[in-house]
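Asker: The structure is given below, and queries will be raised subsequently.
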Amino acid sequence: MRRLLQLATLSLVALLFFAPAAWSQGQEVTVRMEDNFFDQANITVEPGTTVTWVQSGNNPHTTTSYDGLWDSGMIEGGSGGTFSYTFEEPGRYDYFCIPHESLGMIGSVTVSDATATASPTATATGTATAAASPTATALADTGGPPVSSLLIALVATLALEVYGVIALALLRRHSTS
Ligand SMILES: [Cu+2]
């Protein structure tokens with residue numbers, strides 16, 4: 001029975017170690033803040049992508065969400081300062097630069113629907129209504145990982161444990177008889 005406990009403990013530890021690594025997987029994309037425009041101004045990324053804006057100009061710039069989701073505050077020109085935001089939910093996110101909005105310094109991040117990537121025909125119905133709130137940088141908000149992946153990880157771990165228990169029981173029966 002002690003071995004079973006050890007097995008269960010080990011798999012739990014493994015879950016704690018590897019699950020966050022899987023959740024934090026995500027691409028990184030850079031957008032440069034020039035004088036006075038974003039480069040690239042309009043990008044499409046996959047869910048979980050972290051976008052980093054890099055101050056590449058001489059004027060002060062901001063990246064500011066029209067929906068109030070993020071605001072870098074003023075980043076001084078020539079500072080090379082950066083601001084990052086992680087996009088989790090599919091949808092379109094428009095943003096602007098506070099001092100240069102009137103000059104057309106605006107941009108958008110479109111987060112593609114992960115399921116639509118698998119079957120391109122599904123994009124026709126539009127994902128506009130699915131523009132839910134993305135979580136801010138993973139740790140800041142409610143904890144980042146979607147419940148579904150947590151459940152899958154738990155179920156997988158439990159399944160492994162059940163297999164282990166059965167295997168041990170069979171081994172024991174064989175060795176004692
Ligand atoms: Cu600007």
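Asker: May I ask you to order 60-66, 75-81 by the average number of other C-beta atoms within 10 Å around their residues, highest value first? Intermediate values should be presented prior to the final figure.
Answerer: Numbers: 60-66: 20.6, 75-81: 13.9.
Averaged packing, sorted descending, gives the order 60-66, 75-81.
Asker: Give a residue-ordered list of calculated ³J(HN,Hα) values for segment 62-68 (Karplus: 6.51 cos²θ - 1.76 cosθ + 1.60, θ = phi - 60°; whole Hz; x for Gly, Pro).
Answerer: 10, 10, 9, 5, 5, 9, x
Asker: For Val31, which sequence-distant residues (separation of 5 or more, or a different chain) have an amide H within less than 5 Å of its own amide H, given hydrogens modelled in the peptide plane?
Answerer: For Val31, whose amide H was placed from the backbone, the distant partners under 5 Å are Thr52, Trp53, Val54.
Asker: Starting from the amide H of Gly81, placed 1.01 Å from N in the peptide plane, find each other amide H under 5 Å away whose residue is 5 or more places distant or on another chain.
Answerer: Amide H neighbours of Gly81, under 5 Å, 5+ apart: Gln55.
Asker: Please list, in chain and number order, the residues 5+ apart from Tyr93 or on another chain whose amide H is under 5 Å from its amide H, with Hs placed from the backbone.
Answerer: Placed amide hydrogens put Val109, Thr110, Val111 under 5 Å from Tyr93.
Asker: Just grab the label-to-label distance for Thr82 and Ser102, each label 7 Å out from Cα along the Cβ direction, in nm (one decimal).
Answerer: 3.3 nm
Asker: Give, as a single signed number, the net charge of other residues whose beta carbon lies under 14 Å from the beta carbon of Pro47, with Lys and Arg counted +1 and Asp and Glu -1.
Answerer: On the way: positive: Arg92; negative: Glu28, Glu46, Glu88, Glu89, Asp113.
Combined, the nearby Lys, Arg, Asp and Glu give -4.
Asker: Apply the Karplus curve 6.51 cos²θ - 1.76 cosθ + 1.60, θ = phi - 60°, to the phi angles in segment 89-96 and return the couplings in whole Hz, x for Gly and Pro.
Answerer: 9, x, x, 10, 10, 8, 8, 8
Here, each number is a calculation from the coordinates, and none is a lab measurement. All values derive from a computational prediction rather than experimental measurement. Cβ: placed from backbone, ideal geometry, glycine included. Neighbour counts: every protein chain shown.
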